[in-house]
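Accompanying notes for the structure given below.
The values are calculated or read from the model by the stated rules, or taken from the named source; none is laboratory data. Here the structure is a predicted model, which means the values were calculated and not measured. Don't worry about glycine lacking a Cβ; one is built from the backbone with ideal geometry, like all the others, and counts go over all protein chains shown. What goes into the accessible areas is simple: the full protein's heavy atoms, side chains included, and nothing from ligands, DNA or RNA. Shrake-Rupley method; radii C 1.70, N 1.55, O 1.52, S 1.80 Å.
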Amino acid sequence: EKADELVTNRTQQVQKSEAPPVKQPDITNNAPRTGRDTILKIQNTQTAAPNVYTYNPNTQYYVMVVLNKVDIVFGNEARNAFSRYHRERYSGIPLEVKVEKLTEDNKLMLISGFTNIQAAVDYLQRAKPLAATQIMPWLKEDKYTFSLISEANLILLQEKKNLEEYQRFLDQNLPVKF
């Protein structure tokens, strides 16, 4: 009992003589962080690209020629044929042509340089009737189709690789049929 009493008294003395407790830093606050944590937080809060196609008539567009089951050699020849067509008919307009693989069966020939959808539609309506007879008469008409696509939708198409889904989007949203 006497020992318990001594311990209790000593504890009370220590508590009275001690300085007030030091406040520990609040580690749960939302103060800005620096370094790697901040970078990770910024990366994780960036919004992901939308997973749906969008229609914006005032953005840059490509005229897209989908080459179906066409060997890369003929794809490159088609690109060269359109480049010649551009030199002859559109010498003052900087149109570029490139061919990209979408799937094993489909390659995309992309013609860029159109500031909006109307400029792309105007070009498509002039070039499409000439494709089979003057631009690339050696390529059967059932091997290619013409379309339009914006940069954002092209990125999404390259991820999804589903031309039918993109065509349904165009059918439902594009006011101009070509």
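Tally up the carbon and sulfur contribution to the accessible surface of segment 52-123 as a whole percent, 1.4 Å probe, everything protein left in place.
On the way: 1740 of 3770 Å².
That share works out to 46 percent.
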>> For Glu159, project a label point 7 Å along Cα to C-beta. Then give me every residue of segment 87-116 with its amide nitrogen under 12 Å of that point.
In response: none
>> Show me the GluC sites (Glu not before Pro) within segment 72-178 that DSSP assigns to loop and that have at most 11 other Cβ atoms within 10 Å of their Cβ.
In response: Glu104
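Let me know the charge dipole size of segment 70-178 about its Cα centre in debye, to the nearest 20, where only the beta-carbon of Lys, Arg (+1) and Asp, Glu (-1) is charged. Kindly include the intermediate steps, with their values, before the conclusion.
Working: 15 positive and 15 negative charges, 63 e Å.
Using Cβ point charges on Lys, Arg, Asp and Glu, segment 70-178 gives about 300 debye.
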> Tell me, what HN-Hα J-couplings in whole Hz come from the Karplus equation 6.51 cos²θ - 1.76 cosθ + 1.60 at θ = phi - 60° for each residue of segment 159-166, using x for Gly and Pro?
Replying inline: 6, 7, 6, 10, 5, 5, 4, 5
> If we restrict to alpha carbons, what Rg and Dmax does segment 75-151 come to, in Å?
Replying inline: 12.1, 35
>> Just to check I understand the Karplus step: with θ = phi - 60° and J = 6.51 cos²θ - 1.76 cosθ + 1.60, what whole-Hz values come out for segment 92-102, glycine and proline as x?
In response: x, 10, x, 9, 10, 10, 9, 10, 10, 7, 9
>> Spelling out what I want: for every residue of segment 109-119, take phi, set θ = phi - 60°, compute 6.51 cos²θ - 1.76 cosθ + 1.60 (Karplus), and round to whole Hz; glycine and proline get x.
In response: 9, 10, 10, 10, x, 9, 6, 7, 5, 5, 4
